[in-house]
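The values are calculated or read from the model by the stated rules, or taken from the named source; none is laboratory data. Just so it is clear, the structure is predicted and the values come from calculations on it, not from any experiment. Note that we place each Cβ from the backbone using ideal geometry, even for glycine, and neighbour counts take in every protein chain shown.
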Amino acid sequence: MPAPEFQHTVGKTASFSGTALHTGDKVTLKLQPAPVDHGIKFKRKDLQDEPTIDAKIENLKTVERATTIGEGSVRVHTVEHILSALSAMGVDNAIVEMDANEPPIGDGSAQPYVEFIKKAGVTAQDEPRKFFDVREPMHVETKTGALLVLLPDDKFRISCTQAGPNNRFTQFLSMEITPTSFEGEIAPARTFVYYEDVEPLMDKNLIKGGSLENAIVVRGEAALSKEPLRFPDEFVRHKILDIIGDLALVGRRIRGHVVAVKPGHAANAELARALAREQARRSAMSAPRAIPIGDSGLDTGEVMKILPHRYPFLMVDRVIGFEGENKITAIKSITINEPFFQGHFPGHPVMPGVMQVEAMAQVASILLFKLTKTSSRVGYFMSADEVKFRKPVFPGDTIFIHAELTRARGNRMAKTKCYCVVNDAIVSEAELMFTFLDK
Ligand SMILES: [Zn+2]
């Protein structure tokens, strides 16, 4: 389990105006900061009482041509491009306020959204992000020939094959999705439509805001647009953009590899639904985690070779891994047999905060021991700053203890930032300072 990654929101309000694709109306969109665990919500400023709609898969209404979400009779159409940009640029919590039923289409890509997210700024909050970790392969298939497979991976990757009618414009691309890769490689890719699909819509006047300025129109072998193609494989890039936007409806960041063949909004939404169902199942079970023993960590015996502490004061059961030179994660399982529960407090056992600080100090000193690579010097705990106890720890909890070296002065002094995490929530944190002395 890597060190906690924090939720993010936008730093300040930013706005962006343009034309709605389906109605052709002018629309102004405002992006506003929101608190932790809020998620992304759309707010219809133009309606009475300004109703909001959660960007969640439960609220998905239709997937024809674009993704529409709604609650009650309120709808927001074509949400996939802005959700894609928010998700890929790392915004977990925000309010998207708008004065129409659809965000502006811009140039048909996510680039205008990336620019306005950057204008608003992305800032860290103080709760860890929620992830969906893919534990075993999952897949969805539709009658139209779309296939999406999700495989375990410690990053978010998408490998996509796009193919048009009669396999025209078959393209493949595989990449890890990060804010940088999204901004440079995915966000500029524009919507594309097949002439035979849009002709009836144009006849019925259903895409009033549609033009060659916000979509590439494919007619036969030709790709028609106002400006030339931005990438030779622009279509598959836009397919990846849509996958990210539709999967954002899961409401958690995905650690996994999406392998997509001829994807579309319907298939993407079906995969998002499968993930949400699996997440609900996992939350209901809250199954114990499998914690590895192996080369990357240290078992109890190895921990005791480094730490002089013994019962009842050894607060580390196992080191589960190191990340580079500067980070460590360890665990301590708390049972009702812990001696401190006898007095803290009878009938209402909660783990004393100072014992959590002690656990963080022990884990940090294992990290420092690895760094100094000598057993003749030992790190002594000098000070604790910024100590915060956020949530109680009860018997039965497993604490993941993370420590990161933030400053070191030669072989004499080191500073660490430490967190105790239970069930993905930070229960305590501290900045601990150590000095080194000969044993
Ligand atoms: Zn799209």
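ILE401 fulfils the conditions (1) surrounded by fewer than 21 Cβ atoms within 10 Å (Cβ to Cβ); (2) closer than 26 Å to ARG129 by Cα except for a single criterion, (1). Residues of the range 124-151 that are surrounded by fewer than 14 Cβ atoms within 10 Å (Cβ to Cβ) and either part of a loop (DSSP other than H, G, I, E, B) or under 15 Å from the mean Cα position of the chain (by Cα) (or both): ALA124, ASP126, ARG135, GLU136, PRO137, LYS143, THR144, GLY145. Here SER383 clears all of (1) surrounded by fewer than 16 Cβ atoms within 10 Å (Cβ to Cβ); (2) within 30 Å of LYS130 (Cβ to Cβ); (3) modelled with pLDDT of 90 or more except the condition numbered (2).
May I ask you to verify whether GLN356 is without any contact (Cβ under 8 Å) to a residue 60 or more places away in the chain, buried (at least 16 other Cβ atoms within 10 Å of the Cβ), closer than 25 Å to PRO128 by Cα and not acidic (Asp, Glu)? It is false that GLN356 is without any contact (Cβ under 8 Å) to a residue 60 or more places away in the chain, buried (at least 16 other Cβ atoms within 10 Å of the Cβ), closer than 25 Å to PRO128 by Cα and not acidic (Asp, Glu). Among the residues in the range 198-219, are any at pLDDT 90 or above, of a type in the set (Lys, Arg) and either within 21 Å of PRO104 (Cα to Cα) or more than 16 Å from the ligand (Cβ to nearest atom) (or both)? Taking every residue of the range 198-219 in turn, none turns out to be at pLDDT 90 or above, of a type in the set (Lys, Arg) and either within 21 Å of PRO104 (Cα to Cα) or more than 16 Å from the ligand (Cβ to nearest atom) (or both). Any residue that is closer than 25 Å to GLU213 by Cβ, in contact with a Ser or Thr (Cβ under 6 Å, 6 or more places away or on another chain) and assigned to a loop (DSSP other than H, G, I, E, B) - is there at least one of those in the range 44-63? No; the residues of the range 44-63 include none that is closer than 25 Å to GLU213 by Cβ, in contact with a Ser or Thr (Cβ under 6 Å, 6 or more places away or on another chain) and assigned to a loop (DSSP other than H, G, I, E, B). Picking from residues in the range 61-94 that are over 15 Å from LEU247 (Cβ atoms), of a type in the set (A, V, I, L, M) and surrounded by fewer than 20 Cβ atoms within 10 Å (Cβ to Cβ), the one that is farthest from the ligand (Cβ to nearest atom) is VAL74. The set of residues in the range 167-187 that are more than 16 Å from the ligand (Cβ to nearest atom), in a helix (DSSP H, G or I) and either more than 22 Å from the chain's Cα centre (by Cα) or in contact (Cβ under 8 Å) with a residue 60 or more places away in the chain (or both) comprises ASN167, PRO179, GLU183.
Taking the listed residues ARG190, ARG237, ARG253, the one that is closer than 30 Å to HIS8 by Cβ, away from the ligand (no atom under 14 Å from the Cβ) and at pLDDT 95 or above is ARG253, with no other qualifying.
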